[in-house]
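Since the structure comes first, as structure tokens, the remarks are kept for the end.
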Amino acid sequence: MKFSYRLVSSMCKVFPSGEGPKERAAHTLTGLRGETVSFQIACRWDEWGRNFGTVEVESPLPVRVRTVELSPCQYPCHLTQDEGYLATEPGLYPDLLRELGPWGFPLISGQWRSLWVDVELGEDVPAGEYPVSITLKIQGEEAGQCQMTCKVLGLSLPKLPVPRTEWFHSDCLANYYRVEVFSEKYWEIVEAFVRTAAKRHCNMLLTPVFTPPLDTAEGGERRTVQLVDVEVRDGKYSFGFEKFRRWVKMALDCGMEYIEISHLFSQWGAKAAPKIMGIADGAEKQLFGWDTDAGGQEYGDFLRQFLRALKEELRALGIEKQTYFHISDEPGMEQLATYRKAWEAVAEELSGWNMMDALSDYAFYKEGLVQQPVCALNHIGPFLEKRPQKLWGYYCTAQWEKVPNRFIVQPGYRTRILGLLMYRFQLDGFLHWGYNFYNSQYSLCPIDPYQTTDAGGAFPSGDPFLVYPGADGRPEESMRLMLMDQAMSDLCAFTALEQLAGREAALACIEGAPTFEQYPQEEEYLLRVRENVNRKIEEALHKA
């Protein structure tokens with residue numbers, strides 16, 4: 001039987017061709033209670049024809065084994081790129097994590113494939129070492145034995161110390177699953193996707209009080225998912241919050257901690273209003289949209305009435321401190337004047353409330369227009385030099401050079417390094433625009449994310465979403481989602497050590513002086529740093 005296998009890091013992306021990945025040096029995983037630790041088993045089948053293998057697991061800990069499926073990347077990267085990419089040509093690359101079928105895992109002649117193994121370290125597990133034994137069989141015959149030891153520390157992983165949002169696009173779910181917005185099936189699907197996000201250390205949920213004006217062609221529109229009912233009579237507006245209350249309750253029940261109100265003005269400069277539907281003269285119609293002057297009196301009057309009603313609702317729900325507002329996404333310096341007008345329209349009403357926006361130019365903060373700037377990682381230098389009281393980070397398609405990101409063809413360490421850097425530079429939050437964006441760029445049409453991972457050839461594959469829409473209305477996870485989960489777990493582990501021994505002790509675990517643009521290009525670096533943190537936590541616990 002020509003079958004070979006290797007235990008490899010969860011940061012390793014196993015390509016079908018070539019010599020295969022390097023064997024993981026250590027066969028021990030260490031983590032805190034409540035953490036998910038992961039590794040992979042890379043397998044190669046060198047017989048003729050296709051076959052299937054089966055998995056038998058023995059462990060006192062819950063173990064989940066999935067296949068790593070290849071996803072199509074027609075636009076893997078931009079025209080230029082740095083050296084930190086695993087591939088630059090279109091092709092099929094590892095990303096999708098899929099549950100094992102009753103037949104097992106596929107063996108494809110002449111190819112390397114991998115199995116993704118998660119070990120759940122429960123909150124009630126006593127500290128100690130636990131064996132994980134995985135037997136691989138082919139046609140009933142044993143083909144390999146994989147042994148991993150999981151060491152559980154006697155401390156629970158703290159919750160994420162800062163907000164993290166991956167923008168949630170419920171219209172894409174309604175489109176893909178062909179369900180009516182706000183039907184019971186819609187709510188069921190939305191909850192499943194929110195619950196997965198919360199499980200993987202996403203603790204803030206974009207909440208569409210109005211249909212979010214994000215990645216929409218000027219003059220175009222996205223499917224209406226507006227949570228707040230609006231009625232206008234004689235210039236006076238009334239608002240219904242029943243669906244909004246249900247959304248908030250669902251979010252909190254799923255484990256979300258923060259509510260992120262969708263943008264009050266259009267993207268890229270706040271020139272117009274978002275699409276807002278309402279009842280006027282007894283009929284439903286669009287009240288505001290692309291033809292609305294964002295700085296005009298009519299929309300300003302509407303916003304003041306709406307925000308007063310919304311603030312009252314947020315106070316009644318007891319979440320006013322956990323709620324964040326946006327004006328407009330990614331304004332540039334050429335839109336400073338329109339952004340200023342939009343800010344002036346709501347500044348008085350939102351004084352004292354959390355406000356943030358993604359941007360790159362320090363002038364917006366310097367001139368007092370952004371309370372909590374969310375800065376692109378490749379432009380964060382000036383913000384770190386003259387640091388705002390609160391500073392977030394983000395990346396997307398434009399952050400393709402040097403800085404961390406999560407494109408499918410980038411190595412896993414380039415995604416996971418984010419947690420370490422967030423801790424070192426004390427970022428107050430992190431934002432990404434695509435948890436489940438299943439549209440083309442500008443939302444011209446829906447796409448099938450199993451076939452199109454690049455928003456129709458617009459963004460490097462993997463930028464638009466972290467989860468795939470499973471056939472049963474539940475998300476299928478990706479390697480990148482799990483790597484982001486590990487990045488946030490690293491941040492939480494640093495936080496745990498700081499609570500035990502102080503920030504200096506935690507910083508001392510970081511080898512060298514990595515920055516957002518210069519950091520070691522290797523998996524072993526992150527594994528060593530995390531082991532440093534784990535060891536120091538264990539030492540501190542023994543001293544306590």
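The values are calculated or read from the model by the stated rules, or taken from the named source; none is laboratory data. Just so you know, these numbers come straight off a predicted model, no measurement behind them. Glycine also receives a Cβ, built like all others from the backbone with ideal geometry; neighbour counts cover every protein chain displayed. To get the accessible areas, we keep the full protein, side chains included, count just its heavy atoms, and leave off ligands, DNA and RNA. Shrake-Rupley method; radii C 1.70, N 1.55, O 1.52, S 1.80 Å.
Condition check ((1) touching a Gly at 6+ places or on another chain (Cβ under 7 Å); (2) among the aromatic types (Phe, Trp, Tyr); (3) open to solvent by 50 Å² or more (accessible area, probe 1.4 Å)) across all residues:
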position: Glu142; (1), (2), (3): no, no, yes
position: Leu155; (1), (2), (3): no, no, no
position: Val162; (1), (2), (3): yes, no, no
position: Val179; (1), (2), (3): no, no, no
position: Glu191; (1), (2), (3): no, no, yes
Requested in this report: Would you please list the contacts, defined by Cβ atoms under 6 Å and residues six or more apart or on different chains, that run from a residue in region 396-412 that is touching a residue at least 24 places away in the same chain (Cβ under 8 Å) and of a type in the set (Lys, Arg) to a residue that is in a loop (DSSP other than H, G, I, E, B) and surrounded by fewer than 24 Cβ atoms within 10 Å (Cβ to Cβ)?
Outcome: Lys402/Asp82; Lys402/Glu517
Report summary line: Here the residues within region 98-118 that are under 31 Å from the mean Cα position of the chain (by Cα), assigned to a strand (DSSP E or B) and surrounded by fewer than 15 Cβ atoms within 10 Å (Cβ to Cβ) are Glu99, Gly101
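So, of the residues in region 485-544 that are of a type in the set (Gly, Ala, Ser) and surrounded by fewer than 21 Cβ atoms within 10 Å (Cβ to Cβ), which turns out to be nearest to the chain's Cα centre (by Cα)? Break it down into steps so the answer makes sense when it comes.
Within region 485-544, the first condition is being of a type in the set (Gly, Ala, Ser), and the residues that meet it are 487, 489, 493, 496, 501-502, 505-506, 508, 512-513, 540, 544.
Applying the additional criterion that residues be surrounded by fewer than 21 Cβ atoms within 10 Å (Cβ to Cβ) yields 501-502, 505, 508, 512-513, 540, 544.
Details: Ala501: 30, Gly502: 29, Ala505: 29, Ala508: 28, Gly512: 27, Ala513: 26, Ala540: 32, Ala544: 36 Å.
Across region 485-544, the extreme among qualifying residues is Ala513.
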Query raised in the report: If you check Pro126 against the conditions, is it open to solvent by 50 Å² or more (accessible area, probe 1.4 Å) and touching a Phe, Trp or Tyr at 6+ places or on another chain (Cβ under 8 Å)?
Result: no
Query raised in the report: Hey, any hits in region 58-77 for a residue that's farther than 24 Å from Gly457 by Cβ, more than 30 Å from the chain's Cα centre (by Cα) and either modelled with pLDDT under 95 or in a strand (DSSP E or B) (or both)?
Result: yes
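Please state which one of Thr149, Thr135 is β-branched (Val, Ile, Thr) and open to solvent by 40 Å² or more (accessible area, probe 1.4 Å). I'd like the intermediate steps shown before the answer.
Values: Thr135 fails: open to solvent by 40 Å² or more (accessible area, probe 1.4 Å).
Only one candidate qualifies: Thr149.
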Query raised in the report: For region 484-514, what are the residues that are closer than 21 Å to Leu377 by Cα, of a type in the set (Gly, Ala, Ser) and assigned to a helix (DSSP H, G or I)?
Result: Ala487, Ser489
Query raised in the report: Among Tyr93, Tyr75, which is open to solvent by 30 Å² or more (accessible area, probe 1.4 Å), hydroxyl-bearing (Ser, Thr, Tyr) and touching a Ser or Thr at 6+ places or on another chain (Cβ under 7 Å)?
Result: Tyr75
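Scan Ala376, Ala398 and give me the residue that is in contact with a strand residue (DSSP E or B) (Cβ under 8 Å, 6 or more places away or on another chain) and open to solvent by 10 Å² or more (accessible area, probe 1.4 Å). Working first, answer last.
Values: Ala376 fails: open to solvent by 10 Å² or more (accessible area, probe 1.4 Å).
Testing whether each residue is in contact with a strand residue (DSSP E or B) (Cβ under 8 Å, 6 or more places away or on another chain) and open to solvent by 10 Å² or more (accessible area, probe 1.4 Å) leaves just Ala398.
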Query raised in the report: Looking at this structure, is Arg44 open to solvent by less than 20 Å² (accessible area, probe 1.4 Å), part of a strand (DSSP E or B) and basic (Lys, Arg)?
Result: no
Report summary line: The residue from Asp454, Asp448 that alone is acidic (Asp, Glu), open to solvent by less than 10 Å² (accessible area, probe 1.4 Å) and out of contact with any Leu (no Cβ under 7 Å at 6 or more places or on another chain) is Asp454
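Farther than 19 Å from Phe168 by Cβ and either surrounded by 16 or more Cβ atoms within 10 Å (Cβ to Cβ) or of a type in the set (A, V, I, L, M) (or both), is that true of Gly289? Give the steps one after another, and end with the answer.
Working: farther than 19 Å from Phe168 by Cβ: yes; either surrounded by 16 or more Cβ atoms within 10 Å (Cβ to Cβ) or of a type in the set (A, V, I, L, M) (or both): yes.
So Gly289 passes the test.
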Report task. Among what's in region 194-217 and is in a helix (DSSP H, G or I) and buried (at least 23 other Cβ atoms within 10 Å of the Cβ), pick the residue that is farthest from the chain's Cα centre (by Cα). Result -> Val194
Query - Subset of region 119-172 [within 23 Å of the chain's Cα centre (by Cα) and either without any contact (Cβ under 8 Å) to a residue 24 or more places away in the chain or more than 21 Å from His201 (Cβ to Cβ) (or both)] - result: Asp171, Cys172
Requested in this report: Filter region 1-41 down to residues that are farther than 20 Å from Tyr413 by Cβ and among the polar types (S, T, N, Q) and give me whichever is least open to solvent (accessible area, probe 1.4 Å).
Outcome: Ser4
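Return the residues of region 219-229 that are open to solvent by 10 Å² or more (accessible area, probe 1.4 Å) and either touching a Ser or Thr at 6+ places or on another chain (Cβ under 8 Å) or in a helix (DSSP H, G or I) (or both); say none if nothing qualifies.
Step one: filter region 219-229 for residues open to solvent by 10 Å² or more (accessible area, probe 1.4 Å), giving 219-224, 226, 229.
The answer is Gly220, Glu221, Arg222, Arg223, Thr224, Gln226.
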Query raised in the report: For region 49-62, what are the residues that are open to solvent by less than 40 Å² (accessible area, probe 1.4 Å) and either within 22 Å of Glu476 (Cβ to Cβ) or of a type in the set (Phe, Trp, Tyr) (or both)?
Result: Gly53, Val55
Query raised in the report: Mind checking which residues of region 173-189 are more than 14 Å from Asp448 (Cα to Cα), part of a loop (DSSP other than H, G, I, E, B) and free of Cβ contacts under 8 Å to residues at least 24 places away in the same chain?
Result: Val179, Glu180, Ser183
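Per-residue answers, yes or no, for (1) open to solvent by less than 60 Å² (accessible area, probe 1.4 Å); (2) touching a residue at least 24 places away in the same chain (Cβ under 8 Å); (3) closer than 29 Å to Phe193 by Cα; (4) in a helix (DSSP H, G or I):
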{"site": "Ala273", "(1), (2), (3), (4)": "yes, yes, yes, no"}
{"site": "Gly278", "(1), (2), (3), (4)": "yes, yes, yes, no"}
{"site": "Lys285", "(1), (2), (3), (4)": "no, no, no, no"}
{"site": "Tyr299", "(1), (2), (3), (4)": "yes, yes, no, yes"}
{"site": "Leu336", "(1), (2), (3), (4)": "yes, yes, no, yes"}
**Report entry** region 498-509 residues that are closer than 19 Å to Lys159 by Cβ, paired with ones that are open to solvent by 70 Å² or more (accessible area, probe 1.4 Å) and modelled with pLDDT under 95 (beta carbon under 8 Å, 6 or more apart)
**Finding:** Leu500/Ala544
Report task. Exactly one condition in (1) open to solvent by 10 Å² or more (accessible area, probe 1.4 Å); (2) touching a helix residue (DSSP H, G or I) at 6+ places or on another chain (Cβ under 8 Å) is not met by Gln426; state its number. Result -> (2)
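Filter region 347-363 for residues that are out of contact with any helix residue (DSSP H, G or I) (no Cβ under 6 Å at 6 or more places or on another chain), at pLDDT 95 or above and not in a strand (DSSP E or B) and give the result.
Just the residues of region 347-363 that are out of contact with any helix residue (DSSP H, G or I) (no Cβ under 6 Å at 6 or more places or on another chain), to begin with: 347-348, 350-359, 363.
If we keep only those that are at pLDDT 95 or above as well, we get 347-348, 350-358.
Ala347, Glu348, Leu350, Ser351, Gly352, Trp353, listed by residue number.
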